[in-house]
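In what follows, a single structure is set out as structure tokens and then discussed.
The values are calculated or read from the model by the stated rules, or taken from the named source; none is laboratory data. Just so it is clear, the model here is predicted, and its values are computed rather than measured. Reconstructed Cβ throughout: ideal geometry from the backbone, glycine too, with neighbour counts over all protein chains shown.
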Amino acid sequence: MSNNIEEIRTRIKQIIANVAGLNASRITDDATLRDELKLDSLSLLEIGVDVDLAFKLELPDERYKEVDSVPAMVDLVQQRLGELAPQPQAVQG
Amino acid sequence: MKTRIAVTGIGLVTPIGAGRQEVWEGLLAGRSGFAPVESFDTKAFSVHLGAEVRGFDPAPWVRRHDPASMGRASLLAIAAARQALEDAGLDSESVEPERAGVAMGTTSGEPREVERFDDRFLAGELDQVGPEFLSLYPCHMIAAHVARELGFAGVNTMIPTACAAGNYAIAHAVDVLRAGRADLMLAGGADAFSRITYTGFARLGAIAPERCQPFDRNRKGMIPGEGAAVLVLEPLERARARGARVYAELAGYGLSCDAHHMTAAHPEGDGAARAMERALADSGAAPGDVSYISAHGTGTPTNDRLETLAVKRVFGAAAGRTPMSSIKSMIGHTMGAASAIEAAVCALAVAEDRIPPTMNLEEPEDDLDYVPNTARGHRVDLAMNNAYAFGGNNASVILRKCEA
Amino acid sequence: MASDHDRRVVITGAGVLSAIADSAAGLHAALCQGKSGLKPIELFSTEGLGCHQAGEIRPFEPRDYLGERNLRPIDRTSRLLLVAAGQALAAAGWTPEALAAGENEVGLVLGTTFCSVRTIAEFDRRGLQLGPSYASPFDFANSVINAAAGQAAIWFGLRGLNTTISAGESSGLAAIGYATGQIRGGRAAAVLAGGVEELCFESFVGHYRAGRLCGSHGESEEVPVPFHPRRNGFALAEGAALLMLEDAEAAAARGVPVLAEVRGHGGAFAPRRTREDGAGAVARAILVALEDAGLGPGDVDCLSVSASGSVESDLWEAVGIATALGPRAADLPVAAIKAQLGEALGASGGLQAVALLGTLRDGMLPGVAGLAEPAADIPLRGAGAENRRVRARWALATSLSADGHASAVILGAPGAASGVGG
């Protein structure tokens with residue numbers, strides 16, 4: 001999966017839209033999950049599971065509990081993908 | 001004038017033992033039923049503790065049928081049912097079958113049968129699924145199996161209202177008896193340990209990694225368990241006529257529905273409070289009359305906080321002086337059996353004037369009397385048993401000391 | 001048996017979603033027209049199995065009924081229920097405003113065999129395949145057997161009595177009996193009562209392997225026709241059906257029309273899978289219901305049976321009815337709606353009750369589609385394919401589940417009670 005931020009944001013919005021029963025186009029780039037989208041604790045958990053699965057992040061629940069907005073989720077995913085990316089090999093000699 | 005209903009027999013199969021005496025003494029001694037889960041591999045989980053019923057042998061209890069023809073919850077239920085009948089001094093042969101009924105509660109029924117189905121499904125072996133799926137799995141089979149074992153042909157009801165189911169079943173049995181539709185009712189609940197249930201609670205982040213500490217400031221969650229409890233209920237008049245020992249009277253009950261959230265309680269304890277108030281009204285009692293509360297007390301941060309809040313709402317000034325303990329601190333959350341086990345505990349508390357502790361309580365989060373760590377002698381005239389379930393089902397049952 | 005009531009329980013609305021109709025009036029009309037909901041299954045593959053038909057609800061577009069609110073957390077079982085519940089509430093004049101008003105509490109007593117065994121199984125399978133940390137939280141919330149009742153309570157704000165009853169095919173009538181008892185006992189004033197069941201692969205395979213479905217013994221012919229001489233099992237089905245039950249005085253105060261009355265109910269169990277026990281349980285349930293209703297066997301004008309094409313249960317139910325009602329049972333008009341709807345398990349009792357409302361209103365009882373003449377040993381000779389005109393004052397609905405639960409409910413036409421002696 002590319003680290004392209006646009007693709008990440010789009011995918012995240014799709015996941016949130018699916019869980020919230022909304023059209024993805026109705027989710028703004030800076031939407032907050034609890035306040036604006038009125039998502040309850042169960043929905044947030046479901047989103048965390050779906051995001052983790054979609055991006056293969058293998059993060060514990062606690063990391064997702066800190067996320068309350070689309071930008072925060074995008075940051076989390078980007079950062080984690082960066083951590084998981086294969087490190088460049090040191091050149092010998 | 002409502003018919004007075006007596007509890008004349010108790011049967012218990014729990015993670016700390018089986019039989020009324022063993023379990024009651026174990027609870028009073030603070031015995032723990034927690035151990036690493038044995039019935040399936042928890043390697044893929046971040047939690048590993050459970051409250052399983054170990055070494056359960058159905059053979060002494062299942063006398064008319066092949067135990068292999070029943071799911072685990074049914075076996076536990078039959079064991080508790082037969083114990084309860086014997087405890088009541090009754091013989092299933094001498095009971096009039098058409099006037100004897102069964103009301104049981106459960107959360108999941110027989111989930112291991114779905115697990116077996118799914119194991120085959122995923123292995124591409126669906127042709128291995130036989131007639132046993134339908135004869136074992138549906139939750140109504142628990143009540144059916146109890147009645148088949150005992151030959152009871154009266155009212156037969158399964159009330160799967162999750163973690164409040166035992167109370168719902170007991171309440172229904174009371175109604176059936178009061179309406180004169182039965183002379184004897186076995187009422188209780190049963191649930192079997194399963195990976196489905198464990199996976200679910202783990203997925204919600206609800207399972208405590210090391211200890212179950214209801215009402216403690218540092219509590220981390222519940223610990224799933226399994227078990228069964230059955231009470232023998234009959235009109236007090238009939239109990240007296242046959243010289244039965246009466247543990248307590250069923251004074252009344254109250255039911256409510258949060259209609260708020262599937263897995264989280266109402267944030268102001270609204271449904272819980274209404275169930276308690278209705279139970280009190282049904283019993284003709286005031287909050288100050290309650291001597292002891294058996295709490296739902298799962299050990300999750302949310303439940304225990306909201307439960308305390310609801311008790312304070314209903315009991316007001318009396319809250320601080322009404323001892324309330326959670327036996328889930330010892331036997332875990334036995335799901336549909338929980339409130340039935342707790343109702344039995346209330347009956348015993350009333351009969352013997354002793355109350356079980358909340359174990360593992362080091363720093364109470366609030367100022368109620370949670371009976372920390374040590375059982376207590378305490379006059380119990382009225383005991384209230386509270387239970388709250390997924391789907392917002394709440395039920396409170398009140399037991400009363402039976403005066404001569 | 002002591003009477004457990006001073007209060008009368010009336011029916012002020014009904015809601016239905018079934019393979020042949022999505023309204024109470026539509027159900028009665030479709031039954032009387034002989035419409036069948038049994039069709040080749042599309043919801044899942046039946047490859048390798050010898051039965052291919054079911055009472056599947058198709059098409060089912062929940063949005064047509066439920067609007068734009070989020071349905072993602074709600075599984076098929078709960079969606080079916082929401083449709084029926086919404087109809088019943090609306091029919092009885094329970095607007096969203098009325099429901100939200102503080103003092104009004106409408107309840108729900110729901111019969112179901114499985115709730116959603118499909119959701120439970122899918123939750124389990126996903127956890128197995130992907131690991132427990134990827135199991136679906138939404139699915140777990142829907143994996144308790146009281147989930148549908150909880151979802152409906154949340155959706156509509158039903159803060160009253162809320163219970164789930166499981167008694168297999170008898171769940172629906174048992175739920176109606178339970179709700180009636182609660183209203184009479186003054187614990188509730190308005191309660192939706194009935195049942196729901198979803199058609200799913202897990203349930204289908206289970207019933208097939210248990211030999212309960214028509215064609216599940218390798219026969220070439222599938223005859224899911226109640227009382228038929230060559231019947232060989234039922235066709236599984238799905239549906240949701242609810243009555244709005246209310247305390248009669250409370251309903252009068254609300255000024256809503258009364259469709260019928262729940263006059264009596266009874267339940268019993270058959271500990272052994274024998275004709276003696278099965279028929280005996282049905283007979284006892286009926287006699288308890290009659291006594292509860294203050295009626296005698298001679299007061300029953302028509303029957304709605306749970307017979308479905310089951311080789312044994314159909315016979316045992318019929319024998320039990322004849323035992324309870326005596327020789328006149330032979331001529332009573334009989335509706336056996338599973339001939340057209342199939343066996344909808346937890347929803348069946350509700351479907352039976354809702355269908356009877358039409359009969360109590362217009363005096364027409366639907367015939368048993370596909371039944372030229374009942375098998376010789378069936379004592380209910382009044383069962384046949386033709387619709388019958390009935391003087392419908394008191395209708396008896398009965399149920400005998402495959403696992404031994406027997407239920408009976410007596411419905412009365414509005415005003416029927418005033419003509420009854422002691």
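Residue check: is C:Arg126 touching a residue at least 40 places away in the same chain (Cβ under 8 Å), charged (D, E, K, R) and surrounded by fewer than 24 Cβ atoms within 10 Å (Cβ to Cβ)?
Details: touching a residue at least 40 places away in the same chain (Cβ under 8 Å): no; charged (D, E, K, R): yes; surrounded by fewer than 24 Cβ atoms within 10 Å (Cβ to Cβ): yes.
The answer is no for C:Arg126.
Out of all the residues in segment C:161-177, which are at the interface with another protein chain (Cβ under 7 Å from one of its Cβ atoms) and either without any contact (Cβ under 8 Å) to a residue 60 or more places away in the chain or among the hydroxyl-bearing types (Ser, Thr, Tyr) (or both)?
C:Leu161, C:Asn162, C:Thr163, C:Thr164, C:Ile165, C:Ser166
Since C:Phe204 meets every condition but one in (1) crowded, with 24+ Cβ neighbours inside 10 Å; (2) aromatic (Phe, Trp, Tyr); (3) out of contact with any Lys or Arg (no Cβ under 8 Å at 6 or more places or on another chain), which condition does it not meet?
(1) is the only condition that C:Phe204 fails.
Of the residues B:Glu115, B:Glu125, B:Glu110, which is crowded, with 24+ Cβ neighbours inside 10 Å, of a type in the set (Asp, Glu) and out of contact with any His (no Cβ under 8 Å at 6 or more places or on another chain)?
Working: B:Glu115 fails: crowded, with 24+ Cβ neighbours inside 10 Å; B:Glu125 fails: crowded, with 24+ Cβ neighbours inside 10 Å.
The conditions single out B:Glu110.
Here are some residues: C:Leu287, C:Leu351, C:Leu315. Which one is within 27 Å of C:Gln182 (Cα to Cα) and surrounded by fewer than 24 Cβ atoms within 10 Å (Cβ to Cβ)?
On the way: C:Leu351 fails: surrounded by fewer than 24 Cβ atoms within 10 Å (Cβ to Cβ); C:Leu315 fails: within 27 Å of C:Gln182 (Cα to Cα).
Result: C:Leu287 is the single residue among C:Leu287, C:Leu351, C:Leu315 that is within 27 Å of C:Gln182 (Cα to Cα) and surrounded by fewer than 24 Cβ atoms within 10 Å (Cβ to Cβ).
Given the conditions (1) within 14 Å of another protein chain (Cβ to nearest Cβ); (2) over 20 Å from the mean Cα position of the chain (by Cα), and given that C:Cys115 satisfies all but one, which numbered condition is not satisfied?
Tallying (1) within 14 Å of another protein chain (Cβ to nearest Cβ); (2) over 20 Å from the mean Cα position of the chain (by Cα), C:Cys115 fails exactly one: (2).
Cβ-Cβ distance below 9 Å, separation of 6 or more or different chains: which pairs start in segment C:262-283 with a residue that is more than 7 Å from chain B (Cβ to nearest Cβ) and farther than 20 Å from B:Ala173 by Cβ and end on one that is assigned to a helix (DSSP H, G or I) and modelled with pLDDT under 95?
C:Arg263/C:Ala417
From the list B:Arg195, B:Arg211, B:Arg219, which residue is closer than 23 Å to B:Arg31 by Cα and out of contact with any strand residue (DSSP E or B) (no Cβ under 9 Å at 6 or more places or on another chain)?
Values: B:Arg195 fails: closer than 23 Å to B:Arg31 by Cα; B:Arg211 fails: out of contact with any strand residue (DSSP E or B) (no Cβ under 9 Å at 6 or more places or on another chain).
Exactly one of B:Arg195, B:Arg211, B:Arg219 is closer than 23 Å to B:Arg31 by Cα and out of contact with any strand residue (DSSP E or B) (no Cβ under 9 Å at 6 or more places or on another chain), namely B:Arg219.
Looking only at segment B:167-194, which residues are closer than 21 Å to B:Phe56 by Cα and not hydrophobic (A, V, I, L, M, F, W, C)?
Across segment B:167-194, the qualifying residues are B:Gly188, B:Gly189, B:Asp191, B:Ser194.
Looking at B:Glu210, B:Glu237, which one is away from chain C (no Cβ under 13 Å), surrounded by fewer than 24 Cβ atoms within 10 Å (Cβ to Cβ) and acidic (Asp, Glu)?
On the way: B:Glu237 fails: away from chain C (no Cβ under 13 Å).
Matching residue, one of B:Glu210, B:Glu237: B:Glu210.
Could you say which residue among C:Ala29, C:Ala92 is outside the structural domain of C:Ala369 (by TED's automatic domain parsing), aliphatic (A, V, I, L, M) and surrounded by fewer than 22 Cβ atoms within 10 Å (Cβ to Cβ)? Show your work before the answer.
Numbers: C:Ala92 fails: surrounded by fewer than 22 Cβ atoms within 10 Å (Cβ to Cβ).
When all the criteria are applied, what remains is C:Ala29.
Residues in segment C:218-234: is at least one more than 21 Å from the chain's Cα centre (by Cα), farther than 15 Å from C:Leu411 by Cα, assigned by TED's automatic domain parsing to the domain that holds C:Ser23 and hydroxyl-bearing (Ser, Thr, Tyr)?
Going residue by residue through segment C:218-234, those that are more than 21 Å from the chain's Cα centre (by Cα) are C:218-223, C:228-232.
If we keep only those that are farther than 15 Å from C:Leu411 by Cα too, we end up with C:218-223, C:228-232.
Remaining after also requiring assigned by TED's automatic domain parsing to the domain that holds C:Ser23: C:218-223, C:228-232.
Among the residues that remain, those that are also hydroxyl-bearing (Ser, Thr, Tyr) are: C:220.
The answer is yes, given that some residue of segment C:218-234 is more than 21 Å from the chain's Cα centre (by Cα), farther than 15 Å from C:Leu411 by Cα, assigned by TED's automatic domain parsing to the domain that holds C:Ser23 and hydroxyl-bearing (Ser, Thr, Tyr).
As an exercise: evaluate C:Phe269 against (1) surrounded by 21 or more Cβ atoms within 10 Å (Cβ to Cβ); (2) more than 23 Å from the chain's Cα centre (by Cα); (3) closer than 30 Å to B:Phe152 by Cα and give the number of the one condition it does not meet.
Answer for C:Phe269: the failing condition is (2).
Out of (1) within 14 Å of chain A (Cβ to nearest Cβ); (2) under 30 Å from C:His405 (Cα atoms); (3) not basic (Lys, Arg), what's the single condition that is false for C:Ala85?
(1)
If we keep just the residues of segment B:153-204 that are hydrophobic (A, V, I, L, M, F, W, C), facing chain C (nearest Cβ under 7 Å) and assigned to a helix (DSSP H, G or I), which is nearest to the chain's Cα centre (by Cα)? Can you show your working first?
Just the residues of segment B:153-204 that are hydrophobic (A, V, I, L, M, F, W, C), to begin with: B:153, B:155, B:158-159, B:162-165, B:169-171, B:173-174, B:176-177, B:179, B:182, B:184-187, B:190, B:192-193, B:196, B:201-202, B:204.
Applying the additional criterion that residues be facing chain C (nearest Cβ under 7 Å) yields B:153, B:155, B:158-159, B:162, B:179, B:196, B:202, B:204.
Filter again for assigned to a helix (DSSP H, G or I), leaving B:162, B:196, B:202.
Working: B:Ala162: 10, B:Ile196: 20, B:Ala202: 21 Å.
In this case the residue turns out to be B:Ala162.
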